[in-house]
Amino acid sequence: MKVKGVRLYGVKDIRLEEFELPEIEEDEILLKVICNGIAMSTLKEITLAQRHLRVPKNIREKPILIGHEFSGTIAKVGNKWKDQYKEGEHYVIIPEIPGQIESPGYSYPYFGGAATYCIIPGDVIEKGCLMHYDGEAYYEAAMAQALYSIVGSFYSNYHSKSGSHEHITGIKEGGNTIILGGCGPMGMMAIRYVLQMKKKPKRLVVTDNNMERMNRARKLISPQEASRHGVDLYYINADMVPDPAPVLLAVTNEKGYDDVFVYAPPKNVAELGNRIMAMDGCMNIYASTADKKYRAGMNVYGSHYLKTKLIGTSGGLRSDMEEAIDIILNHRINVADNITHIGGMDALVDTTLYLKKMPGEKKIIYNQIRMPLTAIEDFRKLGEKNPVFTELADACDRYGGFWNKEAETILLENFKKE
């Protein structure tokens, strides 16, 4: 069948094109992709291209589909899976495939979210990476793939058990946690995740050097709201002082941070995090650069005498996705908080290429329609010429200005189909 998709050929060489999708084998499943979130990690991928760990070397001859935060419906089921999956049901993909480095949106010619349809291979299904989704909103299922990696990162941190060689999994309950560079889309979800956790820190500090972004974060998740969840929340612009370390340590009464999460790639951010760890502290590198030679200084003394630990996470486990889905379906986190722009398939290439230069936060693409990338806050004005945008604006206003299932339905019913 003929499909449209965005494929990677080389460094920042991504092309929206029509190509032939082969018939599925009996152990494969054809997926209709309806919603695709644009991730900063995809920009990193296309910047590195063949030099990326997950991307094949021969993409000039055999390009791969990009996009790993996607959702939709099952279009066709191979005979092997007829008893487990049904056509028309909603799905969620787990991007981190157990036992391999290859993943959707990075490694496969026909398995990625930046397409109208794609094929999930049989061995990936066997590894449990195609999950049933009982929700109705496609954007929520796509955003679950972002949330699950956050869930995974918080479980990956660990601490020592006194008098034992055993480790305690997760962040330190009642301790000090900091998210460096945490006012972007992923950081905001991480804050929300912390507030609904059972095993919460006493203090949560969030830094960012963008005051506009920080003010938006403070408005959406106020210290007062955090206090109602039993967490003392602080927002600090680390660039406001020559050396932010003493300021950040003062918040903890000089004890330091038990759990440090690095959500911004510059090496000075990681170096700052390394300086402010407490005894038995754990620092998680959640964001990195596209540079394979990326290095940062580390306090070896602290690792030796203070038992500090440095780890890194990317993706997560099936159990993390199960938790993320449960959080979304039970409305413990509204993943629409950070969605600021909506677009169609024709906006996918430019949105990915120029993501860092674009205003706003999370961008969501609907692959089955044509629509320029549009800010939600502009819907009302655009409605002066197109009444559909007035409907979209009204729907968003009914949900506090946020994207929602009602608006999604209006969008899919009224815009030109691919």
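Got a sec? Which helices (runs of 4 or more DSSP H) wholly within the stretch 317-393 have at least 2 residues that are in contact (Cβ under 8 Å) with a residue 12 or more places away in the chain and either touching a His at 6+ places or on another chain (Cβ under 8 Å) or over 26 Å from Tyr91 (Cα atoms) (or both)? Working first, answer last.
Details: elements: 318-329, 348-353, 379-382.
Qualifying helices (runs of 4 or more DSSP H): 348-353, 379-382.
Yes or no: Asn215 in contact with a helix residue (DSSP H, G or I) (Cβ under 9 Å, 6 or more places away or on another chain), surrounded by fewer than 18 Cβ atoms within 10 Å (Cβ to Cβ), of a type in the set (S, T, N, Q) and closer than 19 Å to Pro185 by Cβ?
Details: in contact with a helix residue (DSSP H, G or I) (Cβ under 9 Å, 6 or more places away or on another chain): no; surrounded by fewer than 18 Cβ atoms within 10 Å (Cβ to Cβ): yes; of a type in the set (S, T, N, Q): yes; closer than 19 Å to Pro185 by Cβ: yes.
The answer is no for Asn215.
Only residues that are surrounded by fewer than 20 Cβ atoms within 10 Å (Cβ to Cβ) and of a type in the set (Asp, Glu): list them for the stretch 308-322, please.
Glu322
One residue is enough: does the stretch 350-367 have a residue meeting the conditions touching a Pro at 6+ places or on another chain (Cβ under 9 Å), over 28 Å from Cys129 (Cα atoms) and open to solvent by less than 40 Å² (accessible area, probe 1.4 Å)?
no
Just checking, does the stretch 75-82 include any residue being in a loop (DSSP other than H, G, I, E, B) and without any contact (Cβ under 8 Å) to a residue 12 or more places away in the chain? Please lay out each step first, then the result.
Within the stretch 75-82, the subset in a loop (DSSP other than H, G, I, E, B) is 78, 82.
Now narrow it down to the ones that are without any contact (Cβ under 8 Å) to a residue 12 or more places away in the chain: 82.
Among the residues of the stretch 75-82, at least one is in a loop (DSSP other than H, G, I, E, B) and without any contact (Cβ under 8 Å) to a residue 12 or more places away in the chain, which makes the answer yes.
Could you give me the residue pairs with C-beta distances under 7 Å whose first residue belongs to the stretch 400-418 and is open to solvent by 60 Å² or more (accessible area, probe 1.4 Å), whose second residue is part of a helix (DSSP H, G or I) and of a type in the set (Gly, Ala, Ser) wherever it lies, and which are 6+ apart or on separate chains?
Qualifying pairs under 7 Å: Glu406/Ala395.
Can you name the residue in the stretch 135-170 that is within 20 Å of the chain's Cα centre (by Cα) and in a loop (DSSP other than H, G, I, E, B) and is also surrounded by the fewest Cβ atoms within 10 Å (Cβ to Cβ) among such residues? Explain how you work it out, then say what you get.
Just the residues of the stretch 135-170 that are within 20 Å of the chain's Cα centre (by Cα), to begin with: 135-157, 170.
Still in the list and also in a loop (DSSP other than H, G, I, E, B): 135-137, 157, 170.
On the way: Gly135: 16, Glu136: 12, Ala137: 23, Asn157: 24, Gly170: 17.
That would be Glu136.
For a quick check of your reading of the model, give me the residue pairs whose first member lies in the stretch 278-291 and is touching a residue at least 12 places away in the same chain (Cβ under 8 Å), whose second is aromatic (Phe, Trp, Tyr) and surrounded by fewer than 23 Cβ atoms within 10 Å (Cβ to Cβ), with beta-carbon atoms closer than 7 Å and at least 6 apart or on different chains.
These pairs meet every condition: Cys282/Tyr158; Ser288/Tyr294.
Specify which of the listed residues (Ile191, Ile119, Ile179) is β-branched (Val, Ile, Thr) and either free of Cβ contacts under 8 Å to residues at least 60 places away in the same chain or part of a loop (DSSP other than H, G, I, E, B) (or both).
Details: Ile119 fails: either free of Cβ contacts under 8 Å to residues at least 60 places away in the same chain or part of a loop (DSSP other than H, G, I, E, B) (or both); Ile179 fails: either free of Cβ contacts under 8 Å to residues at least 60 places away in the same chain or part of a loop (DSSP other than H, G, I, E, B) (or both).
Among Ile191, Ile119, Ile179, only Ile191 is β-branched (Val, Ile, Thr) and either free of Cβ contacts under 8 Å to residues at least 60 places away in the same chain or part of a loop (DSSP other than H, G, I, E, B) (or both).
Exactly one of (1) in contact with a Gly (Cβ under 7 Å, 6 or more places away or on another chain); (2) surrounded by fewer than 16 Cβ atoms within 10 Å (Cβ to Cβ) is unmet by Lys57. Its number?
(1)
For the stretch 5-32, enumerate the residues that are open to solvent by less than 60 Å² (accessible area, probe 1.4 Å) and within 18 Å of Leu373 (Cα to Cα).
If the condition is that a residue be open to solvent by less than 60 Å² (accessible area, probe 1.4 Å) and within 18 Å of Leu373 (Cα to Cα), then Gly5, Val6, Ile14 are the ones that fit.
Name every residue in the stretch 243-263 that is assigned to a helix (DSSP H, G or I) and either surrounded by fewer than 17 Cβ atoms within 10 Å (Cβ to Cβ) or without any contact (Cβ under 8 Å) to a residue 12 or more places away in the chain (or both), in order of residue number. If you could, list the steps in order and put the result at the bottom.
Narrowing the stretch 243-263 to residues assigned to a helix (DSSP H, G or I): 244-251.
Scanning the stretch 243-263 gives Ala245, Pro246, Val247, Ala250.
For Tyr106, state whether it is over 24 Å from Trp403 (Cα atoms), surrounded by fewer than 20 Cβ atoms within 10 Å (Cβ to Cβ) and among the aromatic types (Phe, Trp, Tyr). Spell out the reasoning first.
Numbers: over 24 Å from Trp403 (Cα atoms): yes; surrounded by fewer than 20 Cβ atoms within 10 Å (Cβ to Cβ): no; among the aromatic types (Phe, Trp, Tyr): yes.
Answer is no for this residue.
Identify the residue in the stretch 180-196 that is hydrophobic (A, V, I, L, M, F, W, C) and in contact with an Asp or Glu (Cβ under 9 Å, 6 or more places away or on another chain) and, among all such residues, is surrounded by the fewest Cβ atoms within 10 Å (Cβ to Cβ).
Just the residues of the stretch 180-196 that are hydrophobic (A, V, I, L, M, F, W, C), to begin with: 180, 183, 186, 188-191, 194-195.
Among the residues that remain, those that are also in contact with an Asp or Glu (Cβ under 9 Å, 6 or more places away or on another chain) are: 180, 183, 188-189, 195.
Values: Leu180: 29, Cys183: 30, Met188: 24, Met189: 25, Leu195: 19.
Among residues in the stretch 180-196 that are hydrophobic (A, V, I, L, M, F, W, C) and in contact with an Asp or Glu (Cβ under 9 Å, 6 or more places away or on another chain), the one surrounded by the fewest Cβ atoms within 10 Å (Cβ to Cβ) is Leu195.
Look through the stretch 218-237, keep the residues that are closer than 17 Å to Leu195 by Cβ and of a type in the set (Val, Ile, Thr), and return whichever of them is surrounded by the fewest Cβ atoms within 10 Å (Cβ to Cβ).
Step one: filter the stretch 218-237 for residues closer than 17 Å to Leu195 by Cβ, giving 218-235.
Filter once more, so that each one left must be of a type in the set (Val, Ile, Thr): 221, 231.
Working: Ile221: 22, Val231: 19.
Among those residues, the one meeting the criterion is Val231.
Only one residue in Thr73, Thr42, Thr47 is more than 22 Å from Asp291 (Cα to Cα), open to solvent by less than 80 Å² (accessible area, probe 1.4 Å) and polar (S, T, N, Q), so which one is that?
Working: Thr42 fails: more than 22 Å from Asp291 (Cα to Cα); Thr47 fails: more than 22 Å from Asp291 (Cα to Cα).
Step by step, each of Thr73, Thr42, Thr47 is checked, and only Thr73 is more than 22 Å from Asp291 (Cα to Cα), open to solvent by less than 80 Å² (accessible area, probe 1.4 Å) and polar (S, T, N, Q).
Taking Asn215 as the residue in question, decide whether it is more than 18 Å from Gly256 (Cα to Cα) and part of a loop (DSSP other than H, G, I, E, B). If you could, list the steps in order and put the result at the bottom.
Numbers: more than 18 Å from Gly256 (Cα to Cα): yes; part of a loop (DSSP other than H, G, I, E, B): no.
So Asn215 fails the test.
Residues to consider are Asn210, Asn176; find the one that is at pLDDT below 95 and not hydrophobic (A, V, I, L, M, F, W, C). Before the answer, list the steps.
Working: Asn176 fails: at pLDDT below 95.
Unique residue meeting the criteria: Asn210.
For the subset of the stretch 201-216 comprising residues that are free of Cβ contacts under 8 Å to residues at least 40 places away in the same chain and in contact with a strand residue (DSSP E or B) (Cβ under 6 Å, 6 or more places away or on another chain), which member is farthest from Ala245 (Cα to Cα)?
By that ranking, first place goes to Met214.
So which residues in the stretch 264-304 are assigned to a loop (DSSP other than H, G, I, E, B), buried (at least 21 other Cβ atoms within 10 Å of the Cβ) and of a type in the set (Val, Ile, Thr), if there are any at all?
Within the stretch 264-304, Ile276 is the sole residue that qualifies.
Can you confirm whether Met240 is open to solvent by 80 Å² or more (accessible area, probe 1.4 Å) and either farther than 21 Å from Ala336 by Cα or aliphatic (A, V, I, L, M) (or both)?
Values: open to solvent by 80 Å² or more (accessible area, probe 1.4 Å): yes; either farther than 21 Å from Ala336 by Cα or aliphatic (A, V, I, L, M) (or both): yes.
Yes, satisfied.
The values are calculated or read from the model by the stated rules, or taken from the named source; none is laboratory data. All values derive from a computational prediction rather than experimental measurement. All Cβ positions, glycine included, derive from the backbone under ideal geometry; neighbour counts span all protein chains shown. Keep in mind that these areas ignore ligands, DNA and RNA; they rest on the heavy atoms of the full protein, side chains included. Shrake-Rupley method; radii C 1.70, N 1.55, O 1.52, S 1.80 Å.
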